[in-house]
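The values are calculated or read from the model by the stated rules, or taken from the named source; none is laboratory data. Worth saying up front: this structure is predicted, and the values here are computed from it rather than measured. Quick reminder, even Gly has a Cβ in these numbers, built from the backbone with ideal geometry, and neighbours come from all protein chains shown. Each accessible area value is taken on the protein alone, full model and side chains, heavy atoms only, with ligands, DNA and RNA left out. Shrake-Rupley method; radii C 1.70, N 1.55, O 1.52, S 1.80 Å.
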Amino acid sequence: MDRGRLIELYRRLAHECVPAKVRLELTRGCNLRCVHCKVALDNSPENEITPAELRRFLPQLIEAGAFQVNLTGGEIFSRPDIMELLETIFSFDLMVNIQTNATLIRGEHIELLKKNIDRVVRIAVSIYAGDPEIHDGVTGVTGSWEKSTREFFEMRDAGLEVAAFCLLMKENSPHWNETKDFFESNKMFYQFASLMVAREDGCMQPLEHSVPDESLGGLPVEWDRFLNPDPGSIPAAYDGDTRLSEWCVAARYPCILPNADVVPCQVIRRPVGNLRETPFAEIWRGSPLLDEIRALRVRDLDCRKCEFFPRCKPCIGIAFDESGSFTSRPEAYCKLTHKFMKKETH
């Protein structure tokens, strides 16, 4: 299926609030200490979803329409029972995406992933530079670059689909050219991004590592790959009655936290129920907050009159974090939009 038809399929499912994709956060534990991390890390986590609970929860998600789970954390491979968790997930008819720093991946993990290669959509590995010192400065752990890159190549050599994800920040953005050269010389699929968000517990410290405003215009971020999966959008396609499901996954594709809380998306972290207490179907169709988000229309957005809308499609989660309103302009988006899109017109 080509990209355009796939986007249209996902749009239709989102329009009907079918939770086709589920973000499953397996842990808040991690072996690294990245300066920009948005996760409130806890290396002595309790109350995490167990493999036995997954066997109970996943059929509920599948019955509701899920066919893909995106596994993330924390660092999922920091869990001692990760083999059992992955085996449990692979026992169901689900496609799987994985986000990892790859430093804890071992041969047995790769063998399990290779065994289920037809289910693995992509493994995204966080690599912050082509220079070990710069990367390790971001992660706070000496030797992390060597481990991440080594396992990246091990997985790729095993035939798995692997991609490098590089978030640009003040620490590594001055060296993006060298990083790009490293990715391309090693024939690595990669993506740069530069959108920094506050930590999930409300701490603003990660934002201190954002790329300085004066440097944004020189970044290699391709807007239409980064924040706009449907670059052909024209204003006429989004009249006032248009639902945000045209681009926004909030309250359409759920996020499940390590303690089994269900939240509207990875940015809006307000629990609407817990799978240990309530079946998923009841949570998904019975939450006033989810209904409020689903009721939003383009006419409700402050962004609707912006010259860059709808090519820039605002994030209501970031808007809410910044102002307490889903419909206000998300300043973090605005800053990047004006830098990147104005750069394209010059």
Residue-normalised 222 nm signal for the chain, counting each DSSP H run of n ≥ 4 as -39,500 (n - 2.57), nearest 500 deg cm²/dmol, is -10000 deg cm²/dmol
Out of A66, I123, A260, whose Cα points farthest toward the positive end of the dipole of the chain (charges: +1 Lys, Arg; -1 Asp, Glu; placed on Cβ)? A66
Rolling a 1.4 angstrom probe over the protein chains, ignoring ligands and nucleic acids, what is the accessible area of E214 in square angstrom, nearest 10? 150 Å²
Per residue, what accessible area does segment 280-336 have, given a 1.4 Å probe and all protein chains present, in Å²? 45 Å²
For segment 1-104, with the dipole built from +1 on Lys and Arg beta-carbon atoms and -1 on Asp and Glu ones, taken about the Cα centre, which of L9, P19, T100 lies farthest toward the positive end? L9
Please build a GNM for the chain, connecting alpha carbons under 10 Å apart, and tell me which residue among S210, S325, S173 fluctuates the most. S325
Accessible area of W176, 1.4 Å probe, to the nearest 10 Å²? 50 Å²
Per Stokes-Einstein, at 4 °C and 1.567 mPa s, what whole-number D in µm² s⁻¹ belongs to segment 119-192, with the Kirkwood radius over Cα pairs as the hydrodynamic radius? 105 µm²/s
log10 I(q)/I(0) for segment 73-186, Debye formula on C-alpha points only (no solvent), q = 0.09, 0.10, 0.14 Å⁻¹, two decimals, reads -0.25, -0.30, -0.58
Set the Förster radius R0 to 22 Å, insert the Cβ-Cβ distance between D81 and R56 as r into 1/(1 + (r/R0)^6), and round the FRET efficiency to 0.05. 0.90
Ranking by accessible area, most exposed first, for K335, K313 with a 1.4 Å probe: K335, K313
Could you size up the charge dipole of the chain around its Cα centre, putting +1 on the beta carbon of Lys and Arg and -1 on that of Asp and Glu, and report it in debye to the nearest 20? 800 debye
Work out the charge dipole of the chain with +1 on the Cβ of Lys and Arg and -1 on the Cβ of Asp and Glu about the Cα centre, then indicate which of A237, T50, M204 is farthest towards its positive end. A237
Net dipole in debye of segment 110-202 [+1 Lys, Arg Cβ; -1 Asp, Glu Cβ; about Cα centre; nearest 20]: 320 debye
Exactly which GluC sites (Glu not before Pro) in segment 96-137 are in a DSSP loop and have at most 11 other Cβ atoms within 10 Å? none
Give, in nm to one decimal, the length gained when the segment between L289 and T142 is fully stretched (0.36 nm per residue of separation minus the Cα-Cα distance). 48.6 nm
Using protein chains only and a probe of 1.4 angstrom, how many square angstrom of R304 are accessible, to the nearest 10? 100 Å²
Which whole-number percentage describes the relative contact order of the chain, with Cα contacts under 8 Å and a sequence gap of 6 or more? 18 percent
